[in-house]
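Working notes for the structure below.
The values are calculated or read from the model by the stated rules, or taken from the named source; none is laboratory data. From a predicted model like this one, the values you see are computed outputs, not experimental measurements. When we count neighbours, we look across all protein chains shown, and the Cβ atoms used for this are built from the backbone with ideal geometry, even at glycine. Accessible surface areas use protein heavy atoms only, side chains included; no ligands, DNA or RNA. Shrake-Rupley method; radii C 1.70, N 1.55, O 1.52, S 1.80 Å.
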Amino acid sequence: MTAIIKENTDLSRPFRGTGGVKHNFNSGPSVLPHEVFEEASRAILDFNGTGLSILEIGHRTKTFQAVMDEAVITLKELMNLDSDHEVLFLHGGATTQFFQIPMNILRSDATAAYTETDIWGTKGIKEAKLYGNVDVVCSSKAENYNWLPKAWDVKPGTAYLHLTTNNTIYGTQWQDMELFYSKNVPLVADMSSDILSRQMDFNKFDIIYAGAQKNIGAAGVNVVIVNKNILGKVDRAIPSMMDYRNHIEHGSMLNTPPVFAVYVCMLTLRWLKNNGGIAAIEKINNKKAKLIYETIDNNPIYKGTVAKEDRSKMNACFVMEPELEKEFTAVAEKENFVGFKGHRTTGGFRISMYNALPYESVVVLTDIMKDFANKKG
Ligand code: PMP
């Protein structure tokens with residue numbers, strides 16, 4: 001696990017298996033570092049030379065405790081979290097957080113502010129209404145979530161302000177976090193699709209949550225980062241498995257955690273740390289995004305679907321004339337591109353460029369896009 005992120009075309013390997021070269025633009029679960037696949041597959045047969053598979057050891061063993069500890073410590077280090085912020089590995093995906101958050105921190109007589117900038121925000125709003133009042137402070141739903149509204153405010157006394165930092169399906173991403181910091185209310189952020197991809201003052205958030213299956217590791221676990229000072233202020237009864245305080249007390253092992261998924265997260269976090277952390281990966285992510293958006297903008301057959309200033313560095317979306325889309329799809333499939341089609345609700349194409357996607361894959365894709373545009377333009 002000592003690979004170095006290089007600025008050249010060799011960041012992790014897009015080559016794999018007997019199926020030949022695959023360029024994996026899946027939106028999640030998605031590409032992970034090759035080193036992680038190698039290490040995890042070894043651990044399935046013989047975990048760290050114990051003669052046991054990672055799949056057959058108890059979660060309360062010292063061996064697994066070391067995995068959990070390293071995952072938590074590495075994440076804290078990478079995100080530079082202060083001692084008020086606890087890191088939890090929980091079940092139920094980011095979707096469970098849509099209701100677990102208001103259950104823990106929204107009193108029934110209080111109001112939470114929600115930004116509605118993609119369907120995940122919309123889902124969060126629906127769940128929060130089960131527990132308290134919701135003020136939808138801005139929405140781009142009417143425009144199919146293709147921009148990020150910035151002229152809005154929150155009312156005094158707001159319990160918390162919820163945002164989705166990156167909108168996986170539509171391809172928008174909040175660029176300037178000052179907009180949120182300046183509201184001076186507790187911040188709660190769904191960072192499922194851009195956590196660990198760019199630097200940010202993570203301590204400014206009271207809750208951060210993310211499904212692991214994009215930038216953190218394997219599906220089956222989600223990370224929740226909680227400022228413990230925000231807890232214990234609601235008076236409703238909270239079921240044990242839903243109460244963050246119980247998970248903090250038991251170090252994410254109130255019950256059996258998803259052992260293998262946590263292990264894969266630990267390896268992926270270790271990979272990121274060994275390769276320069278968030279600052280280093282952010283540079284590469286910026287390069288990847290620049291290349292794809294330049295290609296879209298320089299070739300009019302590709303039409304970006306969101307406001308330029310709000311473009312996501314993780315998920316780039318574009319459309320073409322329907323006939324050309326069919327032709328391009330056939331070309332892309334022949335080139336062994338995987339997961340490049342847009343979400344079923346949007347159509348077109350979505351190029352997901354998470355941390356582990358090699359720069360090389362974006363070079364190959366954009367070369368093919370330029371070539372296709374030259375032939376058709
Ligand atoms: N929020 C965002 C921003 C997402 O992209 C997703 C899934 N892609 C979710 C929430 C839901 O996550 P999960 O499937 O882990 O519940």
Please report, as a whole percent, how much of the solvent-accessible surface of segment 102-202 comes from carbon and sulfur atoms (probe radius 1.4 Å). 50 percent
Relative contact order for the chain: what is it in percent, counting Cα pairs under 8 Å that are at least 6 residues apart? 25 percent
If I model a spin label at Leu55 and Lys287 as a point 7 Å from the Cα along the Cα→Cβ vector, what separation in nanometres do I get? 3.7 nm
Name the long-range amide H neighbours of Asn315: under 5 Å, sequence gap of 5 or more, or other chain; modelled H, no Pro or chain starts. Met353
Looking only at aspartates and glutamates whose Cα falls under 20 Å of Lys376's and that sit 8 or more positions away or on another chain, we get Glu294, Asp297, Glu321, Glu323, Glu325, Glu327, Glu333, Glu335, Asp367
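Counting only complete DSSP H runs, which helices of the chain cover 15 Å or more along their long axis at the Cα atoms and score a mean Kyte-Doolittle of -0.5 or above? Kindly include the intermediate steps, with their values, before the conclusion.
Details: long enough: 34-45 (17 Å, -0.01); 62-79 (25 Å, 0.42); 93-105 (18 Å, 0.34); 259-274 (22 Å, 1.14); 277-298 (32 Å, -0.33); 322-334 (18 Å, -0.75); 359-376 (26 Å, -0.06).
Correct list, ordered by number: 34-45, 62-79, 93-105, 259-274, 277-298, 359-376.
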Given Cβ point charges of +1 (Lys, Arg) and -1 (Asp, Glu) and nothing else, what value in debye, to the nearest 20, does the dipole of the chain about its Cα centre take? 320 debye
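So, for the chain, what is the accessible surface per residue at a probe of 1.4 Å, expressed in square angstrom?
Details: 15750 Å² over 377 residues.
Each residue of the chain exposes 42 Å² on average to a 1.4 Å probe.
Kindly flag which residue pairs out of Lys341/Lys370; Lys290/Lys326; Lys129/Lys313; Lys126/Lys290; Lys129/Lys273; Lys141/Lys308 have an alpha-carbon separation exceeding 27 Å in this structure.
Working: Lys341/Lys370 18 Å; Lys290/Lys326 25 Å; Lys129/Lys313 31 Å; Lys126/Lys290 35 Å; Lys129/Lys273 39 Å; Lys141/Lys308 18 Å.
Correct reply: Lys129/Lys313; Lys126/Lys290; Lys129/Lys273.
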Straight-distance crosslink candidates among aspartates and glutamates, where the alpha carbon sits under 13 Å from Lys123 and sequence neighbours closer than 8 are dropped: Asp190
Among Leu357, Asn285, Thr268, the residue whose Cα sits farthest towards the positive end of the charge dipole of segment 267-372, when +1 is placed on the Cβ of each Lys and Arg and -1 on the Cβ of each Asp and Glu, is Thr268
Under 21 Å Cα to Cα from Lys228, which lysines show up? Leave out anything in the same chain fewer than 8 places away. Lys76, Lys183, Lys204
